[in-house]
1. Restricting the stretch 281-340 to residues that are basic (Lys, Arg) and more than 21 Å from Glu205 (Cα to Cα), which is surrounded by the fewest Cβ atoms within 10 Å (Cβ to Cβ)?
2. Across the stretch 58-73, what is the total count of residues that are assigned to a helix (DSSP H, G or I) and farther than 25 Å from Tyr93 by Cα?
3. For the stretch 101-158, how many residues are within 15 Å of the chain's Cα centre (by Cα) and among the acidic types (Asp, Glu)?
4. Under the condition of being touching a residue at least 12 places away in the same chain (Cβ under 8 Å) and among the β-branched types (Val, Ile, Thr), which residue from the stretch 90-110 is surrounded by the most Cβ atoms within 10 Å (Cβ to Cβ)?
5. Quick one: is Leu361 surrounded by 16 or more Cβ atoms within 10 Å (Cβ to Cβ), in contact (Cβ under 8 Å) with a residue 24 or more places away in the chain and either of a type in the set (Asp, Glu) or within 27 Å of Lys121 (Cβ to Cβ) (or both)?
6. Picking from Leu55, Leu42, which residue would you name as being at pLDDT 95 or above and either under 23 Å from Val95 (Cβ atoms) or not hydroxyl-bearing (Ser, Thr, Tyr) (or both)?
7. Can you tell me how many residues within the stretch 244-300 are of a type in the set (D, E, K, R) and closer than 20 Å to Phe197 by Cα?
8. Let me spell it out: the conditions are (1) surrounded by 17 or more Cβ atoms within 10 Å (Cβ to Cβ); (2) in a strand (DSSP E or B), and His422 meets all of them except one. Which number is the exception?
Amino acid sequence: MQSTKQKKRPTRKRQWGAEGRTQPLPMIHEKPSTLKIAYSRLAVVLTIVFWIMYLISAIIRQFFEGPKTFSFTMQAIGYLIIVTLLTFSALMYLVARQGALQRFSKHVRVPRAELDRHFSKQQPSITVLVPSYSEEPEVVRKTLMSAALQEYPGMRVVLLVDDKPYPSNPAVAARLNATRELGNDIMRLFAEPRARFSTALYQFEQQYAGNMPVTLTTIIDLAYHYAWAATWLNALADKEEIDDHVDIFFVEQVLNGLADELNLVGQALMTSCQEGVLLPIERVRQLYRRLAWIFDAEVTIFERKKYASLSHEANKAMNLNSYIGLMGGTYLQRETPDGLILILVAEGQKGDVTFPDSAFLLTLDADSILLREYCLRLVYFLQQPDNARVAVTQTPYSSFRGAGTRIERLAGATTDIQHILHQGMSHYGATFWVGANAVIRKRALDDIAETEWVGG
């Protein structure tokens, strides 16, 4: 059920040629037909054939029929090079598209029940790192909430604010203070469902500590919990202000999308009760854990530029590296003539601040939005035996549909073309890290870590 009660702020007039659709790309690509794949192969062959025909009819013929002067020859060669490069570019796209179609046709999505089974036995820790510089608080808030609502146990979400910590401009200072409060705001927002479902999980574990058969009352209670969670998320979506197509995506795909899925689970549980079907205790435990995990994320803020002992180099990579380098350690905070510094203490000793380590990292741009199973599915992939040596995995990102300007629509189109290109290059074993959002095995970063001392 999609909500239609959101508050709408006045928006700028949409340009002619702007995108009218707001429905995003599906999470799962449609399996292409055999005919579509065949046509894709044919397009590759025809591109090569037409290039050869053009080469013979338009270029080589000019060498024999045209004036045999140096100037004419160089012009013909230059034109041949330009046409060849343009054709080669189109050919590479068609080859990549062919590879993408083959990947789509062979892809098998891991069932949700298998994910629940896998993570019921092991819950490797993950930390979401969101580097931010001069971003609007509302934009960052959506990113943090989409990360916090990941269906993953014990997730830590850290906003890495890279603004100057003490700005003199009042407007900049107000924006920075609003950004600093985002972590506390989200934690307060999720406090009620977090307390409700953690208590429900604890009571379930206590009641069924002896692995006795699950009663009908327990399943009914679980169904009510799922219905409550769906209602809470829908109510949260109703309060969101709709300003642009990104807000629509956040409300419909993140909040209402998760609510719809939880509501569907609740209805399925009630149907099973009405039919007298009792679920195994392990499955009920998985469903209780799922509710608790959705709302148990910890959201915090970190500002590296508050510390003189950390790099202040102005780029996103160093912002990430500064925090990653601190992970797994406990530190004392000390004031010096140069400013506040962090001093690492020996293991087991007390300090002022601790940066927990984790098995996996998720780097997430401050203007990106995640769908609910992103972390579950990518960490599951990395934990498969065949992928033990894989360090980084990611899914190609897509543009937000419904852009209000022509230039934004064109920019989004290039993003969606890259989506196809990266899928195709993966088919040929030629993929590379896009650099935006990815799940990274922390051990792989530790293996290549280097320490550089600057200024003593």
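1. Within the stretch 281-340, the first condition is being basic (Lys, Arg), and the residues that meet it are 283, 285, 289-290, 304-306, 316, 334.
Restricting the remaining residues to those that are more than 21 Å from Glu205 (Cα to Cα) gives 304-306, 316, 334.
On the way: Arg304: 24, Lys305: 18, Lys306: 15, Lys316: 16, Arg334: 11.
Filtering the stretch 281-340 for residues that are basic (Lys, Arg) and more than 21 Å from Glu205 (Cα to Cα), the one surrounded by the fewest Cβ atoms within 10 Å (Cβ to Cβ) comes out as Arg334.
2. Let us first name the residues in the stretch 58-73 that are assigned to a helix (DSSP H, G or I), namely 58-65, 70-73.
In the following step, the residues that additionally are farther than 25 Å from Tyr93 by Cα were identified as 60-65, 70-73.
Number satisfying all stated conditions: 10.
3. Qualifying residue count for the region: 1.
4. Val95
5. Details: surrounded by 16 or more Cβ atoms within 10 Å (Cβ to Cβ): yes; in contact (Cβ under 8 Å) with a residue 24 or more places away in the chain: yes; either of a type in the set (Asp, Glu) or within 27 Å of Lys121 (Cβ to Cβ) (or both): yes.
Here the answer is yes, as Leu361 does meet what is asked.
6. Details: Leu55 fails: at pLDDT 95 or above.
After ruling out the rest, the residue left standing is Leu42.
7. The first filter runs over the stretch 244-300 and keeps only residues of a type in the set (D, E, K, R), leaving 244, 247, 252, 260-261, 275, 282-283, 285, 289-290, 296, 298.
Imposing the further condition that a residue be closer than 20 Å to Phe197 by Cα reduces the set to 260-261, 282-283, 285, 289-290, 296, 298.
So the answer is 9.
8. Only one criterion is unmet by His422, namely (2).
The values are calculated or read from the model by the stated rules, or taken from the named source; none is laboratory data. Computed from a predicted structure; not experimentally measured. Neighbour counts run over all protein chains shown; Cβ positions are idealised from the backbone, glycine included.
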